[in-house]
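*Asks:* Dropping a structure here in structure tokens format, bear with me for questions.
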Amino acid sequence: MTDAPQGTPSPENPTPQGLSRRKLFGAVGAGVALAGAGAVVGRVTADNSSSTDNSDVVAFRGDHQAGITTLAQDRMHFVAFDVTTTSRDELIALLQTWTTMAERMTKGEEATEDGATGDGPYAPPSDTGEALDLVASQLTLTIGFGPSLFDDRFGLADKKPAALLDLPHFRADNLDPARSGGDIAIQACANDPQVAVHAIRNLARVAFGTASVKWSQLGFGRTSSTSTTQQTPRNLFGFKDGTANIKAEDPALLSEHVWVDGADDQEWMAGGSFLVARRIRMLIEQWDRTVLKEQEAVIGRSKRSGAPLGGKDEFDELDLDSKEGHDFVIPEDAHVRLASSEELGGIQILRRGYNFTDGSDGLGHLDAGLFFVAYCRNPVEQFVPMQQNLSRHDALNEYIQHVGSAVFACPGGLSTGSYWGETLFSSE
């Protein structure tokens with residue numbers, strides 16, 4: 001690391017002369033360009049006390065990152081960042097800072113100790129304050145690293161997993177580059193939208209000078225269940241979504257299809273997973289003019305019960321062989337058939353998507369749909385063949401359009417004292 005100018009924070013001199021740590025946070029929040037300031041904010045002391053009932057707090061550290069198999073919360077705020085610095089040390093310092101802040105916020109605490117009002121009247125608060133008096137709301141924060149981070153900026157090229165590739169162009173994709181990709185992603189999920197937004201807002205503001213927001217997405221009304229204790233929710237087409245999803249109560253399926261083994265490729269990914277994000281615009285007005293019989297044929301399930309066509313209960317097994325006359329009961333181009341593990345040779349993924357509504361498109365049509373999020377052990381071997389099958393044959397393609405796309409490598413969980421990405425940046 002190069003020598004820091006006098007009065008600038010560094011690992012040897014963490015607080016510049018004449019500037020308290022609390023005031024320094026205010027300076028960083030205000031965007032004051034201090035060389036190495038990230039090293040200081042990365043040293044925030046985490047307060048182990050909790051202001052909320054423990055039942056409302058999801059553990060931040062563990063074998064796997066929270067927010068993957070965690071009981072799916074009702075709201076989401078997803079953000080993708082581009083790293084703007086070329087300094088490896090500054091990026092590591094930001095990740096350390098983020099980790100400390102994230103752990104505090106998942107416990108229902110302010111991003112920094114007494115940050116909303118305790119920095120003094122002449123410094124910007126180091127916590128934005130909109131989550132004061134709110135409980136943790138089961139907030140989880142999950143981080144992932146995109147393919148673009150593994151270029152020549154930070155010496156990570158040889159650490160790039162073979163499966164971490166930009167997704168190929170699928171038939172009928174209409175991707176917006178401004179809503180795709182990114183160096184780093186953070187997924188915030190909570191049962192209170194203000195808690196999720198507060199978390200992303202505070203992480204984004206301390207990234208000033210090191211990383212900037214490329215795109216983000218708010219989501220409401222989860223569209224899948226990650227536990228057998230949850231009912232299957234409905235998407236904006238009115239159908240139950242994710243009935244056949246992998247559940248947290250099935251560790252064998254998780255080990256096979258979701259969690260990366262260190263022997264797969266890169267050891268730093270052990271216990272982690274790959275995150276696939278797709279912003280799927282639903283052509284709401286066109287769907288709403290479609291008769292019920294056609295809607296059910298397109299999906300392959302009953303709209304009211306969620307049962308597969310020909311079945312009685314939502315969780316009945318798909319019968320892909322039965323016919324009525326010359327036609328299959330579940331049509332050959334039905335979404336559930338084409339996305340099923342039976343059709344795909346055993347492929348499964350863990351879905352964790354959300355509905356979104358972002359106003360109108362200026363032509364009187366709702367800009368609404370599904371923000372599809374899924375976790376898998378290898379996107380090249382799991383998500384890509386699944387989406388290729390859907391993009392070529394799915395009757396649902398008449399009513400949807402994929403407009404955003406990204407893939408990220410999410411490392412395993414954190415041990416005591418470790419920070420987000422430590423296994424990546426410290427691995428030999």
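*Asks:* Identify all residues within region 153-168 that are in a loop (DSSP other than H, G, I, E, B) and over 21 Å from the mean Cα position of the chain (by Cα); write none if there are none.
*Replies:* Taking region 153-168 as the starting set, the residues that turn out to be in a loop (DSSP other than H, G, I, E, B) are 153-156, 160-168.
Result: 153, 154, 155, 156.
*Asks:* Only residues in region 358-376 that are over 16 Å from residue 279 (Cβ atoms) count as the first member; pair them with residues that are aromatic (Phe, Trp, Tyr) and in a strand (DSSP E or B), Cβ under 8 angstrom, at least 6 apart or cross-chain, and list the lot.
*Replies:* 375/274; 376/274
*Asks:* Let me ask something else. Among the residues of region 92-118, count how many are over 20 Å from the mean Cα position of the chain (by Cα) and under 22 Å from residue 149 (Cα atoms).
*Replies:* 2
*Asks:* I'm trying to understand the selection: among the residues of region 61-83, which are within 20 Å of residue 419 (Cα to Cα) and either open to solvent by 40 Å² or more (accessible area, probe 1.4 Å) or modelled with pLDDT under 95 (or both)?
*Replies:* 61, 63, 64, 82, listed by residue number.
*Asks:* Condition first: within 30 Å of residue 268 (Cα to Cα) and either open to solvent by less than 20 Å² (accessible area, probe 1.4 Å) or touching a residue at least 60 places away in the same chain (Cβ under 8 Å) (or both). Can you find one or more residues in region 329-336 that meet it? Break it down stepwise before answering.
*Replies:* At the first step, the residues of region 329-336 found to be within 30 Å of residue 268 (Cα to Cα) are none.
There is no residue in region 329-336 that is within 30 Å of residue 268 (Cα to Cα) and either open to solvent by less than 20 Å² (accessible area, probe 1.4 Å) or touching a residue at least 60 places away in the same chain (Cβ under 8 Å) (or both).
*Asks:* Next up: Among the residues of region 319-356, how many are within 29 Å of residue 276 (Cα to Cα) and part of a loop (DSSP other than H, G, I, E, B)? Spell out the reasoning first.
*Replies:* Filtering region 319-356 down to residues within 29 Å of residue 276 (Cα to Cα) leaves 319-320, 330-356.
Still in the list and also part of a loop (DSSP other than H, G, I, E, B): 319-320, 330-334, 340-349, 352-353.
So the count comes out to 19.
*Asks:* Ok, one more. Take residue 231 and decide whether it is open to solvent by 20 Å² or more (accessible area, probe 1.4 Å) and under 16 Å from residue 352 (Cα atoms).
*Replies:* Numbers: open to solvent by 20 Å² or more (accessible area, probe 1.4 Å): yes; under 16 Å from residue 352 (Cα atoms): yes.
So residue 231 fits the description; yes.
*Asks:* Can you tell me which residue in region 126-148 is farthest from residue 205 (Cα to Cα), limited to those that are in contact with a Gly (Cβ under 6 Å, 6 or more places away or on another chain) and of a type outside the set (Gly, Ala, Ser)?
*Replies:* For region 126-148, the residue satisfying everything is 135.
*Asks:* So, one more: Answer with yes or no whether residue 273 is farther than 28 Å from residue 402 by Cα and of a type in the set (Gly, Ala, Ser).
*Replies:* Values: farther than 28 Å from residue 402 by Cα: no; of a type in the set (Gly, Ala, Ser): yes.
No; evaluated as a whole, the condition is false for this residue.
*Asks:* Looking at region 35-60, which of its residues are at pLDDT 50 or above and polar (S, T, N, Q)? Steps first, please.
*Replies:* Applying the first criterion (at pLDDT 50 or above) to region 35-60 yields 53-60.
Across region 35-60, the qualifying residues are 54, 55.
*Asks:* Here's another thing I want to ask about it. Which residue is nearest to residue 183 (Cα to Cα), if the candidates are limited to region 229-246 and must be in a loop (DSSP other than H, G, I, E, B) and free of Cβ contacts under 8 Å to residues at least 40 places away in the same chain?
*Replies:* Start the filter on region 229-246 by keeping residues that are in a loop (DSSP other than H, G, I, E, B), which leaves 229-233, 235-239, 241-246.
Still in the running and free of Cβ contacts under 8 Å to residues at least 40 places away in the same chain: 231, 233.
Numbers: 231: 34, 233: 31 Å.
Selected residue: 233.
*Asks:* Can I ask one more? Taking region 128-156 as the region of interest, how many residues are without any contact (Cβ under 8 Å) to a residue 24 or more places away in the chain and aromatic (Phe, Trp, Tyr)?
*Replies:* Total meeting the criteria: 1.
*Asks:* Quick check, is residue 183 among the acidic types (Asp, Glu) and either over 22 Å from the mean Cα position of the chain (by Cα) or at positive phi (or both)?
*Replies:* No: the conditions fail for residue 183.
*Asks:* Select from region 242-285 the residues that are of a type in the set (Ser, Thr, Tyr) and surrounded by fewer than 22 Cβ atoms within 10 Å (Cβ to Cβ) and list them in ascending order. Outline the logic, then answer.
*Replies:* Taking region 242-285 first, the residues of a type in the set (Ser, Thr, Tyr) are 243, 255, 273.
Once the filter is applied, which keeps residues that are of a type in the set (Ser, Thr, Tyr) and surrounded by fewer than 22 Cβ atoms within 10 Å (Cβ to Cβ), region 242-285 yields 243, 255.
*Asks:* Residue 426 versus (1) open to solvent by 20 Å² or more (accessible area, probe 1.4 Å); (2) closer than 23 Å to residue 214 by Cβ; (3) not acidic (Asp, Glu): which is the lone unmet condition?
*Replies:* (2)
*Asks:* So how many residues does region 258-285 have that are assigned to a helix (DSSP H, G or I) and not charged (D, E, K, R)? Working first, answer last.
*Replies:* Our first condition is that a residue be assigned to a helix (DSSP H, G or I); within region 258-285, this holds for 267-269, 284-285.
Keeping just the survivors that are not charged (D, E, K, R) gives 268-269, 284.
Looking only at that region, the number is 3.
*Asks:* If we keep just the residues of region 169-205 that are in contact with a Phe, Trp or Tyr (Cβ under 8 Å, 6 or more places away or on another chain) and in a loop (DSSP other than H, G, I, E, B), which is surrounded by the most Cβ atoms within 10 Å (Cβ to Cβ)?
*Replies:* 182
*Asks:* Just a yes or no: is a residue in region 286-294 open to solvent by 40 Å² or more (accessible area, probe 1.4 Å) and either part of a loop (DSSP other than H, G, I, E, B) or farther than 22 Å from residue 334 by Cβ (or both)?
*Replies:* Within region 286-294 (the criterion being open to solvent by 40 Å² or more (accessible area, probe 1.4 Å) and either part of a loop (DSSP other than H, G, I, E, B) or farther than 22 Å from residue 334 by Cβ (or both)), the answer is yes, since at least one residue qualifies.
*Asks:* Restricting to region 291-321, name every residue that is of a type in the set (A, V, I, L, M) and either at positive phi or out of contact with any His (no Cβ under 8 Å at 6 or more places or on another chain) (or both). Write out each step before concluding.
*Replies:* If we filter region 291-321 for residues that are of a type in the set (A, V, I, L, M), which is where we start, we get 291-292, 297-299, 307, 309, 318, 320.
Listed by number, the residues that qualify are 291, 292, 297, 307, 309, 318, 320.
*Asks:* Evaluate the following for residue 362: is it out of contact with any Ser or Thr (no Cβ under 8 Å at 6 or more places or on another chain), part of a loop (DSSP other than H, G, I, E, B) and open to solvent by 60 Å² or more (accessible area, probe 1.4 Å)?
*Replies:* Values: out of contact with any Ser or Thr (no Cβ under 8 Å at 6 or more places or on another chain): yes; part of a loop (DSSP other than H, G, I, E, B): yes; open to solvent by 60 Å² or more (accessible area, probe 1.4 Å): yes.
When the stated conditions are applied, residue 362 passes them.
Results for (1) farther than 29 Å from residue 66 by Cβ; (2) not small (Gly, Ala, Ser), shown as yes or no for each residue.
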{"position": "269", "(1), (2)": "no, yes"}
{"position": "274", "(1), (2)": "no, yes"}
{"position": "279", "(1), (2)": "no, yes"}
{"position": "285", "(1), (2)": "yes, yes"}
{"position": "316", "(1), (2)": "yes, yes"}
{"position": "322", "(1), (2)": "yes, no"}
{"position": "327", "(1), (2)": "yes, yes"}
{"position": "330", "(1), (2)": "yes, yes"}
{"position": "334", "(1), (2)": "yes, no"}
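*Asks:* Still on this structure, I have one more. Sort out which residues of region 295-312 are within 29 Å of the chain's Cα centre (by Cα), buried (at least 19 other Cβ atoms within 10 Å of the Cβ) and part of a loop (DSSP other than H, G, I, E, B), and write them in order of number.
*Replies:* 300, 306
*Asks:* Since residue 127 meets every condition but one in (1) of a type in the set (D, E, K, R); (2) buried (at least 24 other Cβ atoms within 10 Å of the Cβ); (3) outside any loop (DSSP other than H, G, I, E, B), which condition does it not meet?
*Replies:* Of everything listed in (1) of a type in the set (D, E, K, R); (2) buried (at least 24 other Cβ atoms within 10 Å of the Cβ); (3) outside any loop (DSSP other than H, G, I, E, B), residue 127 misses just condition (3).
The values are calculated or read from the model by the stated rules, or taken from the named source; none is laboratory data. Bear in mind that the values here come from a model prediction, so they are computed numbers and not experimental data. Please note: Cβ atoms are built from the backbone with ideal geometry, for glycine as well, and neighbour counts cover all protein chains shown. Note: areas computed on protein heavy atoms with side chains; ligands, DNA, RNA excluded. Shrake-Rupley method; radii C 1.70, N 1.55, O 1.52, S 1.80 Å.
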